[in-house]
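Report on the structure given below.
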Amino acid sequence: MALSAEQIATIRATWAKTVPVAAMASRLFYGRLFRLAPHTRGLFRGDLEAQGRKLTATLGFVVDHLDQPETLAPAARALAVRHIDYGVTADQYAPVGEALIWTFKELLGPAFGEKENAAWLAAYAALSTMMIDAAYRDAPGDAAV
């Protein structure tokens, strides 16, 4: 993942502000995701609070390892492959990214400015591309987003 040291620092600072309100962030995120892509609601059959904790843990891992591609890349690829079993399709990565960025804007207001937005967009674009490639490269018809 080709992020600058400044982008990584920006992402980590934003994440540090989000962690204390992670439960609220999760509720906002899933609410927004289901409005943007109602068809994704069926992918979540269990407790959304527990799912929110998984999301927080996963994002925390990503943020902690942004400067360690040798650790982050295999974990992200494995996660993407597991998501196939849950019914996730390549086209669902876009609304997830949109919901994630929207959540930060809602939670942090003016503290989530252009610099923060750009850093998170760059990170999500790189990560989602890596995950889509890992999960769908053998099924080219599914990879179109």
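The values are calculated or read from the model by the stated rules, or taken from the named source; none is laboratory data. On a predicted model such as this, the values are computed, not experimentally measured, just so you know. We place every Cβ from the backbone using ideal geometry, glycine too, and count neighbours over all the protein chains shown. Side chains included, ligands, DNA and RNA excluded: accessible areas come from the protein's heavy atoms. Shrake-Rupley method; radii C 1.70, N 1.55, O 1.52, S 1.80 Å.
Details
- Gly113 vs. criteria closer than 21 Å to Pro38 by Cβ and either surrounded by fewer than 15 Cβ atoms within 10 Å (Cβ to Cβ) or not aliphatic (A, V, I, L, M) (or both): no
- Pairs, first of a type in the set (Lys, Arg) in the range 91-116, second in a helix (DSSP H, G or I), C-beta under 8 Å, six or more apart: Lys105/Asn117; Lys115/Thr10
- Breaking point among (1) under 23 Å from Met131 (Cα atoms); (2) modelled with pLDDT of 95 or more, for Ala22: (1)
- Against the list (1) assigned to a helix (DSSP H, G or I); (2) open to solvent by less than 70 Å² (accessible area, probe 1.4 Å), the condition Arg12 fails is (2).
- Enumerated helices (runs of 4 or more DSSP H) restricted to the range 59-145, each holding at least 1 residues that are at pLDDT 95 or above: 69-85, 93-108, 114-136
- Across the range 20-71, the qualifying residues are those that are under 15 Å from the mean Cα position of the chain (by Cα) and loosely packed, with under 13 Cβ neighbours inside 10 Å, and the one among them that is farthest from Ser4 (Cα to Cα) is Lys54.
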